[in-house]
Structure formats: structure tokens, C-alpha cells
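The values are calculated or read from the model by the stated rules, or taken from the named source; none is laboratory data. If you're wondering where the values come from, they're calculated on a predicted model, not measured in any experiment. When we count neighbours, we look across all protein chains shown, and the Cβ atoms used for this are built from the backbone with ideal geometry, even at glycine. With ligands, DNA and RNA removed, areas are computed over all heavy atoms of the protein, side chains included. Shrake-Rupley method; radii C 1.70, N 1.55, O 1.52, S 1.80 Å.
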Amino acid sequence: MTMLRLHGFASVDIRGPRALPLVGTARRFISFLDDPVGVVLALRRMGDVVAVVDRNPAIVCVFGPERNREVLSDPDTFHNPEDFFTGPDGSAREKMRAMVVTSNGADHRRRRRLMMPAFHRSALDGYAEEIVTLTRSLVGAWPRGEVVSLDGLCRELSLCIAVQCFYGVDVKRGASVLGQTMAEFVRLVTSPANILFPFDLPGTPYRRGVQIGEDLASRMLALVESKRQSGGQRRDAMGLLLDARDEHGNGLTADEIVALAVELFIAGSETSSMALTWCLLLLDQHPRVLEALAAELSDVLGERDPSPADLPKLRLLDRVVKETLRVLPAAPILFLRSATRDTMLGGKAIPKGANLVVSPLATHHDASLYPDPDRFLPDRWKEIEPSTYAYFPFGAGPRMCAGALFASQSVRLMLAMILQRFHPRTVDAGPIDRRVRANILNAQHGVHARLCPVRANAAPAAPVRGNIHELVKLESRGRS
Ligand code: HEM
């Protein structure tokens with residue numbers, strides 16, 4: 001079974017840091033799987049095609065818009081990992097290979113085409129209503145004045161929105177159990193131990209992933225079933241998926257439906273919740289931006305809820321979300337691409353089977369593209385219009401995020417509604433350290449904040465600790 005081909009390559013002319021054979025090499029691969037952001041940041045000054053281990057093509061990072069374009073615009077040469085969800089024959093984990101993100105070629109094109117109507121602009125207004133209603137009820141119940149786990153609350157909110165908008169089933173109470181199961185599944189299948197030791201033996205993360213996969217699949221089937229029984233009135237994503245037909249009149253198979261149901265959940269809830277959490281953290285740490293945004297929300301909306309029609313008028317809100325996704329992209333690196341044939345990138349020979357890393361975060365922190373790249377400066381968006389492969393928080397090319405429009409709208413609506421009620425002020429409850437799992441930029445120990453009422457005057461932010469400072473210069477840092 002090959003989860004990720006890491007060995008058996010001949011030496012190539014791609015330079016990178018040297019490592020001792022075997023143990024040194026294995027250690028560097030583990031450190032990449034554990035902290036890919038730290039590794040890409042360390043390698044980005046060594047060129048635009050850099051090996052994680054000197055002359056070893058097993059993991060090769062590419063940097064800069066041109067190299068990003070070469071990899072991302074050519075999905076036939078650079079495949080997504082297909083066996084991310086490999087499992088024993090017939091297991092739910094194995095069936096999850098039918099996800100869009102783990103499909104290639106004709107399968108990918110077909111599944112993506114069947115999925116896309118659920119996320120077209122025409123479907124968005126319906127979702128917006130659900131998002132606003134749920135956000136009003138959930139955020140309205142957040143404990144005013146208390147210290148909370150901000151990422152925890154944002155996760156719960158995104159999760160409930162995902163369940164409601166994607167499945168059209170009100171499972172507010174069951175949503176957190178489902179979310180925990182999902183999070184545990186993702187944690188297991190993306191852990192370095194699982195990727196490097198994919199064997200179905202007792203006590204391994206692989207075996208546990210198989211078990212949780214079954215649990216997850218049966219919960220998803222139950223959701224799909226309740227959707228089928230509730231009839232076709234509601235145009236939620238699952239309803240649209242169940243109705244979708246390809247050009248031959250064929251719909252998605254049962255396995256595909258379960259895989260896509262899990263995929264929507266994985267792809268759509270944790271990414272949005274972290275985008276929201278990072279927006280709130282950066283606003284807290286830049287009180288003048290927060291104050292200006294509060295004034296914009298008050299001018300445009302007053303006390304009423306936002307609607308999609310308001311979003312074009314909320315220009316600073318738009319710049320804040322764009323700048324957050326630039327400086328702390330929820331997806332800091334993309335799925336590894338593997339070369340399907342010998343090819344060239346930036347003048348370097350890339351052998352078949354090599355794994356390529358493309359990083360929105362490294363690109364977004366390139367000083368030649370963004371002056372003062374580590375500063376959170378929403379107003380830079382008044383001046384700049386970066387190219388598709390220079391700014392790509394949602395990926396780019398034929399595999400660009402299927403839910404980009406949905407996510408852009410939902411994050412802006414949620415953020416506006418939270419800020420109409422609270423200004424979360426970060427408290428020091430531990431360091432804010434990055435943790436990348438399933439390609440998502442999380443805060444390892446969470447982000448804790450006091451839910452303060454909205455105030456006109458911008459109080460200074462409390463300093464935060466942790467390696468977040470390697471990614472972004474926070475205003476509070478100057479005073480700590
Ligand atoms: C702020 C929120 C989100 C961010 C930052 C984000 C980011 C991304 C990125 C960077 C990719 C490309 C991955 C790659 O090329 O390796 C991607 C793919 C994808 N996203 Fe999102 N995403 C978000 C929300 C969503 C939502 C809400 C959904 C679904 C409802 C979704 C569904 C997908 C799917 C299905 C793919 C795979 C597309 C393909 O391979 O053809 N995402 N996302």
C-alpha cells in the first residue's frame with residue numbers, strides 16, 4: 001500500500017538542506033508532515049524548486065506564481081493523492097476515496113461537475129438566509145463578558161451552518177457529536193503516524209481511522225436517508241447532490257454520496273471556522289481596524305442583520321477577510337501533488353512519483369509580491385489586484401475550491417454578525433501556535449478571548465505569545 005511515495009527515488013538535481021541518510025531523511029519528512037508551514041518558510045529563500053531533503057524528489061516545494069501555475073493548471077501531470085483514504089476492501093474509509101479532492105481525471109471532472117450546482121451563485125441566497133438565522137440564534141447565546149474558546153465557538157457555529165446548509169437537517173444538538181467524530185477522523189487519517197505507517201494493526205491510528213470511518217459513514221447515511229425522506233422542497237446542497245445527473249442521466253452512486261457528504265463537512269466547516277477565528281484574532285490585535293470596521297457595520301447595517309445585498313457595501317469587511325486569508329490562509333499548503341510522468345518545473349527535472357508542495361502561505365508572504373508581507377494591512381487591498389497564482393487562498397486552476405463562493409459569503413456574514421454583538425478581546429490562556437492538520441491552519445492550544453460588548457473606543461490589545469509571531473506582526477507585540 002502506498003499512501004505517499006517517499007522512497008526508492010534516484011538522486012536528482014534539486015537542491016535542499018542536507019540530511020543524513022535514512023534516519024536524517026525520515027526525520028525531515030516527519031517534520032514536514034508535522035509542521036509543513038515551518039518547513040516551507042525555511043526553504044523559500046533557497047530557490048523556486050527546493051527539495052525537503054537535498055537531491056531527494058520525494059517532497060519538493062515550489063515557490064512563486066509561475067511555478068504555482070505550472071503545477072496547478074496541469075492536473076493531468078500533477079495528480080491529487082488518491083489513496084489518502086485507503087482502507088480495507090469494502091470499508092467506509094476505503095469508499096471515501098470517491099471524494100472530489102482525492103479523485104483525478106475523468107472521475108474528478110464528473111464528480112466536480114455533479115457537485116458544483118450546489119455551490120453556484122444561484123444557490124447562495126438560500127444558504128444566506130439559513131446562515132443569518134443560525135448565526136443570530138447561536139451567537140446571540142454566546143456568554144457576554146466571559147472568557148471563551150473563540151475557535152471552539154467559531155467551530156460550533158460553522159459546523160451547525162454546514163449541517164443546516166449542506167444537509168438541510170436541523171441537527172443543532174447532534175452537530176457537535178458529529179463534528180467531534182469528524183475532527184477525530186481527520187486527525188487520525190492526517191497524522192504523520194498514519195501516513196508513514198498505514199497498516200491495519202491493533203492500536204494503530206490506521207485501525208482507529210477505519211473504525212471511526214465506519215461510524216462516520218453510518219451517521220452520514222442516516223443524514224442522507226433523513227434528507228431523502230424529508231422530500232425535495234428544500235434546496236440544500238445534499239438535495240442538489242441527490243438530484244444531480246451527468247450527461248448520460250446518471251446520478252452519484254451511494255458510495256459517492258457518502259464520500260461527498262463527508263467531504264463537504266470536512267472541506268466546509270473547519271476551513272471556514274479557522275478563517276473566522278483568524279479574522280477575529282487579527283481584528284483584536286489591530287484595534288484601529290476593528291474600530292473602523294465597527295463604524296462601517298453601524299453605518300451600513302445599524303442594528304439589522306446583514307444580507308448578501310449588503311456585502312458589496314461592506315468594503316472594509318471585504319478587505320479584512322481578504323487580508324486575513326492572505327496573511328493567515330486557512331489552507332496554508334495545498335494537497336501534495338504527485339507527478340504522473342517525468343516532467344520539468346522551472347528548469348529542474350521532476351521524476352514520475354515526486355510529490356510537489358504548493359503553498360498559498362509562502363506565496364502570500366513573498367515580499368516581492370506584497371510589501372511588508374507579515375503585516376496585517378487590510379487597506380493594501382485598495383491598491384492591489386494580485387494574479388490568480390499570487391493570491392489563492394481557495395487554490396487555483398481546475399481544482400480551485402468548489403465552495404469558494406459559499407465560504408466567502410458565509411465568513412463575511414458570520415463575521416459581521418459577531419462584530420455587531422461582540423468585540424472578542426484575546427486573553428493570555430497559552431501560546432498561539434500554528435498546527436496544520438488536513439492542510440488547515442489551526443491554533444494548537446486554541447484562541448481564548450473575552451466576549452466584550454461593542455465599544456466605540458479602541459482599547460489596546462493584550463499581547464499574545466506563541467509562534468503566530470513568525471507569521472504575522474501583531475500590534476500588541478510592540479508593547480509586550
Ligand atoms: C474559508 C473557507 C475555505 C477555504 C480557505 C478553502 C480552501 C480550499 C483550497 C485551498 C482548496 C484547493 C486544495 C488543493 O488544490 O489542494 C479547496 C478545495 C476544495 N474545497 Fe474549499 N475551502 C473553504 C471552504 C470550502 C467549503 C465551504 C466547501 C464546500 C462546501 C469547500 C469544498 C472544497 C472542495 C470540494 C474542494 C476540492 C476541489 C477539487 O479538488 O476539485 N471548501 N478549498
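Accessible area of the chain with a 1.4 Å probe: how many percent of it is carbon plus sulfur? About 53 percent, which is the carbon plus sulfur part of the accessible surface.
Pull out a ≥ b ≥ c, the square roots of the eigenvalues of the alpha-carbon gyration tensor of the range 285-376, then state rounded if a/c is under 1.5, prolate if not and a/b is larger than b/c, and oblate in the remaining case.
Numbers: a/c = 4.21, a/b = 2.53, b/c = 1.67.
Taking the square roots of the gyration eigenvalues as a ≥ b ≥ c, the range 285-376 is prolate.
Annotation: extensible slack from ALA10 through ALA292 equals 95.9 nm (criterion: 0.36 nm per residue apart, minus Cα-Cα distance). What residue among GLY395, PRO21, SER137 has its Cα farthest toward the positive end of the dipole of the chain, where the charges are +1 on Lys, Arg and -1 on Asp, Glu, each on the Cβ? Most positive-ward Cα: PRO21. Across the protein chains, with a 1.4 Å probe defining accessible surface, the residues TYR206, TYR391 rank TYR391, TYR206 from largest area downward.
Using a cutoff of 8 angstrom between alpha carbon atoms and counting only pairs six or more residues apart, the relative contact order for the range 31-107 works out to 18 percent. You can think of it this way: the chain between GLU129 and GLU184 has 16.8 nm of extra reach, that is 0.36 nm per residue less the Cα-Cα gap. Computed over the alpha carbons of the chain, Rg followed by Dmax gives 22.0, 64 Å.
About its Cα centre, the chain has a charge dipole of approximately 600 debye under the convention of +1 per Lys or Arg Cβ and -1 per Asp or Glu Cβ, with nothing else charged.
Between ARG435 and ALA309, the modelled labels are 4.4 nm apart [label points 7 Å from Cα along Cα→Cβ]. For the chain, the residue among VAL472, ALA349, TYR206 whose Cα projects farthest onto the positive side of the dipole built from Cβ charges is VAL472. Positive-end ranking of VAL177, LEU241, LEU334 along the dipole of the chain, with charges on Cβ about the Cα centre, is headed by LEU334. Of all lysines in the structure, those lying under 30 Å Cα to Cα from LYS382, and not within fewer than 8 positions of it along the same chain, are LYS313, LYS322, LYS473. Compute the Cα gyration tensor for the range 170-324, then decide on rounded, prolate or oblate, letting a ≥ b ≥ c be the square roots of its eigenvalues: rounded whenever a/c is under 1.5, prolate when a/b is larger than b/c in the other cases, and oblate in all that remain. In terms of gyration-tensor shape, oblate. Over the range 101-254, Cα pairs under 8 Å with separation of 6+ residues give a relative contact order of 30 percent. Computed from the C-beta positions of SER218 and MET400 and an R0 of 25 Å, the FRET efficiency is 0.20 to the nearest 0.05.
Relative contact order of the chain: 23 percent, from C-alpha pairs under 8 Å at least 6 residues apart in sequence.
Which of the three applies to the range 354-477, rounded, prolate or oblate, going by the alpha-carbon gyration tensor with a ≥ b ≥ c and a/c under 1.5 meaning rounded? Working shown, then result.
Values: a/c = 1.60, a/b = 1.45, b/c = 1.10.
Prolate.
So, R0 is 41 Å and r is the distance between the beta-carbons of VAL427 and VAL23; what FRET efficiency does that work out to, to 0.05?
Numbers: r = 42 Å, r/R0 = 1.02.
Calculated transfer efficiency: 0.50.
Once both labels are positioned 7 Å from their Cα atoms along Cα-to-Cβ, the gap between SER73 and ALA459 label points is 5.1 nm. If the segment from PHE199 to GLU225 were pulled out straight at 0.36 nm per residue, it would be longer than the present Cα-Cα gap by 6.1 nm.
Rounded to the nearest 500, the helix-only mean residue ellipticity at 222 nm of the chain stands at -14000 deg cm²/dmol, with each DSSP H run of n ≥ 4 adding -39,500 (n - 2.57).
Residues in the chain average 41 Å² of solvent-accessible surface per residue, probe 1.4 Å, ligands and nucleic acids excluded. Label sites at ALA42 and HIS120, each approximated as a point 7 angstrom past Cα along Cα to Cβ, lie 4.8 nm apart.
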